[in-house]
Amino acid sequence: MTLLEAVPNISEGKNPSVIHALESFLRGCEGITFLGTDSNPCANRSVFTFIGSAQAMQNTLPQFIGLACRLIDMRKHQGAHPRLGAVDVCPLVPLKNISLQQCAVLAQDIARTTAEQLSLPIYLYEASAREAQRKNLAFIRRGEYESLPEKLQTLPPDFGPKEFSSSVAKTGACVMGARNFLIAFNLNLNTSDPAPARIIAAKIRQSGGGLSGVKAIGWYMDNFHRAQVSCNITDFHQAPLHRVFLAARQEAQKIGVEITGSELVGLVPLQAMLQTGKYFSPAAQTNTERIAHAVKALHLNEVKPFCAQEQILELKAGLQDVKEL
């Protein structure tokens, strides 16, 4: 049986009734295992994670996106995180018995069906993109929701309406595609000023000549009164967690601030935690010890406690028994 991960990011992180309604829907879907939600009220964004077969994804995602579009009104949305629509981005990640290219074709099929059913503009990105420029989410999302009236004309969606109607004004647009694992990794500073975070982000991201496989922005998170460097690690083999952490810490020291801790948003692959644990503690004897050393070195408990069984994908999904570590 095929097995995929879906990680839709929705533009709602404040209203618990909307978040709970979407969670309840996923829990009731046949063939879907709901793994969790990570919500941030300041970003006004929630990341949902669930796994299932290709067929289960085809059945579930159009309905999930439709429900989110009914519950969220983009005309009223404000938040720190860049966004284009109610379901801002919906990546599919191959896990078992399906290749990235097969996953890319599946994402195209789901995008086409969803756009037709909902009259929703949908852009394809990453491995599903039809043009090289559109592989990059930042390119598609440039100008954000507010740019949609013009964007739909100058950068037409792959599927769905190309006019900014009252319906599209409410839902915004969605970006969908297939990709490999992405790790959302946020680094906390000992200041509430977002300017140093922006400087560090500009230095460590790939587009600024920093680390390959890293995208980063700087912002202020009001819910814990800190500036953050918010990173998307698109290739944790090229840019392991420890390398990103140490690079950011080095840049922080140059401008007189400190990295006090970090957080992972959503689920993280087991291998990413193990490679970081091995880096910080080469003498560790077990994977459980390596995970503990990674958590300690990255200060992952600063924002909220890190729980391996809840935040490591393979453990949460039951793909690997914690006893086997």
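Each value in this text was obtained by applying a stated rule to the coordinates, not by laboratory testing. Since this is a predicted model, take the numbers as computed values, not measurements. FYI the Cβ positions are ideal-geometry reconstructions off the backbone, even for glycines, and counts take in every protein chain you see.
At-a-glance table
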| quantity | calculated |
| --- | --- |
| Projected label distance in nm at Glu163 and Glu150, using a 7 Å step from Cα toward the beta-carbon | 2.1 |
| Over the range 197-253: Kirkwood hydrodynamic radius from C-alpha pairwise inverse distances, Å | 11.2 |
| Qualifying GluC sites (Glu not before Pro) for the range 243-294 [loop in DSSP, other Cβ within 10 Å: at most 14] | Glu258 |
| Set Lys96/Lys304; Lys203/Lys254; Lys254/Lys296 screened for pairs whose C-alpha atoms are more than 19 Å apart | Lys96/Lys304; Lys254/Lys296 |
| GNM top mover of Leu270, Leu298, Leu155 - the chain, alpha-carbon springs below 10 Å | Leu155 |
| Compactness of the range 1-135, expressed as Rg and Dmax over alpha-carbon positions, Å | 14.3, 42 |
| Pair-distance profile P(r), taking every C-alpha pair of the range 58-130, with 5 angstrom steps and integer % | 3, 15, 25, 23, 17, 11, 5, 1, 0 |
| Distance (nanometres) between label positions extended 7 Å along Cα→Cβ at Asp321 and Met1 | 1.9 |
| The range 203-261-the range 85-129 distance, computed between alpha-carbon centres (Å) | 28 |
| Compactness of the chain - radius of gyration and Dmax, Cα, Å | 19.2, 60 |
| Proximal lysines to Lys151, defined as alpha-carbon separation beneath 27 angstrom and excluding residues fewer than eight positions away on the same chain | Lys76, Lys135, Lys162, Lys170, Lys215 |
| Computed over the range 196-325, Kirkwood Rh from alpha-carbon pairs, angstrom | 15.3 |
| Karplus-derived 3J(HN,Hα), 6.51/-1.76/1.60, for each residue of the range 129-142, Hz, glycine and proline x | 4, 9, 10, 4, 4, 7, 5, 8, 4, 4, 5, 5, 8, 3 |
| q = 0.21, 0.30, 0.31 Å⁻¹, the range 273-325: log10 I(q)/I(0) [Debye, one scatterer per Cα] | -0.75, -1.18, -1.20 |
| In degrees, nearest ten, helix 241-254 long axis to first principal axis of the chain (Cα) | 70 |
| Cα-based convex hull, the range 48-194, per residue volume (Å³, whole number) | 125 |
| Surrounding net charge for Pro82, when Lys and Arg each add one and Asp and Glu each subtract one, Cβ distance under 13 Å | +2 |
| Folded to 0 to 90 degrees: helix 194-204 orientation relative to the chain principal axis, Cα | 90 |
| In degrees, nearest ten, helix 270-280 long axis to first principal axis of the chain (Cα) | 30 |
